[in-house]
1. Suppose we keep only residues that are among the charged types (D, E, K, R) and in a helix (DSSP H, G or I) within segment 193-220. Which one would you say is surrounded by the fewest Cβ atoms within 10 Å (Cβ to Cβ)?
2. Residue under question is R253, and the condition is that it be surrounded by 14 or more Cβ atoms within 10 Å (Cβ to Cβ), more than 19 Å from the chain's Cα centre (by Cα) and among the basic types (K, R); does it hold?
3. Report whether or not G73 is over 20 Å from G187 (Cα atoms), surrounded by fewer than 23 Cβ atoms within 10 Å (Cβ to Cβ) and out of contact with any Asp or Glu (no Cβ under 7 Å at 6 or more places or on another chain).
4. Checking P70 against (1) in contact (Cβ under 8 Å) with a residue 40 or more places away in the chain; (2) on the phi < 0 side of the Ramachandran plot, which test does it fail?
5. Which of the residues that make up segment 17-69 are of a type in the set (F, W, Y), surrounded by fewer than 17 Cβ atoms within 10 Å (Cβ to Cβ) and outside any helix (DSSP H, G or I)?
6. Going by the conditions given, is L176 out of contact with any Cys (no Cβ under 6 Å at 6 or more places or on another chain) and surrounded by fewer than 21 Cβ atoms within 10 Å (Cβ to Cβ)?
7. Search segment 99-119 for residues being closer than 12 Å to G182 by Cα and among the hydrophobic types (A, V, I, L, M, F, W, C), and hand back the single one that is surrounded by the most Cβ atoms within 10 Å (Cβ to Cβ).
8. Among the residues that make up segment 62-73, is at least one of them out of contact with any Cys (no Cβ under 9 Å at 6 or more places or on another chain), of a type in the set (G, A, S) and within 22 Å of A211 (Cβ to Cβ)?
Amino acid sequence: MSPELDADQTLRLLVDPPQRGAINMALDEALLQQVGARRCRPTLRLYRWSPPTISLGYFQPFAEFERLSPPAGKLDVVRRLTGGGAILHDQELTYSIAVPAGHVLLSAGAAALYGKMHEVLLRALGRFGVKAQQRGRCEEDSFRRGPFFCFSRQHGEDLMLGGGKLAGSAQRRTRLGVLQHGSVMLGSRFEQQECAPANLDLSAERLDELATAISAEFTSVTGLSLSPGRWTDAELAQAGELRAKYQSDEWNRRR
């Protein structure tokens, strides 16, 4: 990475249009690898999914998805790079953040990034009258066990609304960096999707306002700034190669 990038702690902000699950996951993995190798800036990415898609946690057996009844059982499916339960991605905003090892956001440990990002989301949603709160930890918390759907599980850093889960996150850690991504439920139209949606207007204008609020609160919470950016050619090329993996039965049915 160039000296300019190494010295500059401004994170890049990417806001992507809705895309299929395989390309979303390929882009997140490309981010982890490129940022970890310090070929591009630490990055906060905001994105959505189209069509509705179920993402399986890295450790989940594919057979659990096959036992799922319609309509959820008929949706597109992709396996994530991160653990946890399955997520039905539909009327939501997803974020991912990728930072290299040793970055200031990891100074208190990678696990502390959950609290930082959920505080960002909590404050941003508060601007729209959504009165969420963090659940708080308990001895039974585990990221590897529980019901099939992630939003039927509850963990200490999760954002809760009216007793239900509004937002949750998961991480992938490597020797070179950390990728954390998470979902914020803005609405729900599947009965099988157990969550507590914020029930926000899903118009493009309102989603732009939410992205702006998240950007502002990120700076407020972390003390770091965000600068709108673009994908590099190298990232897009790597994501293009990774997309084939996320579309393959070898990857999605590996467990």
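The values are calculated or read from the model by the stated rules, or taken from the named source; none is laboratory data. Please read these numbers as outputs of a predicted model, since none were measured by experiment. Neighbour counts run over all protein chains shown; Cβ positions are idealised from the backbone, glycine included.
1. Pass one, segment 193-220, residues among the charged types (D, E, K, R): 194, 201, 205-206, 208-209, 217.
Imposing the further condition that a residue be in a helix (DSSP H, G or I) reduces the set to 205-206, 208-209, 217.
Numbers: E205: 8, R206: 13, D208: 11, E209: 16, E217: 19.
Among residues in segment 193-220 that are among the charged types (D, E, K, R) and in a helix (DSSP H, G or I), the one surrounded by the fewest Cβ atoms within 10 Å (Cβ to Cβ) is E205.
2. It is true that R253 is surrounded by 14 or more Cβ atoms within 10 Å (Cβ to Cβ), more than 19 Å from the chain's Cα centre (by Cα) and among the basic types (K, R).
3. no
4. Status for P70: all satisfied but (1).
5. Correct list: Y58, F59.
6. Yes: the conditions hold for L176.
7. Per the criteria, the residue is M117.
8. No, because not a single residue in segment 62-73 is out of contact with any Cys (no Cβ under 9 Å at 6 or more places or on another chain), of a type in the set (G, A, S) and within 22 Å of A211 (Cβ to Cβ).
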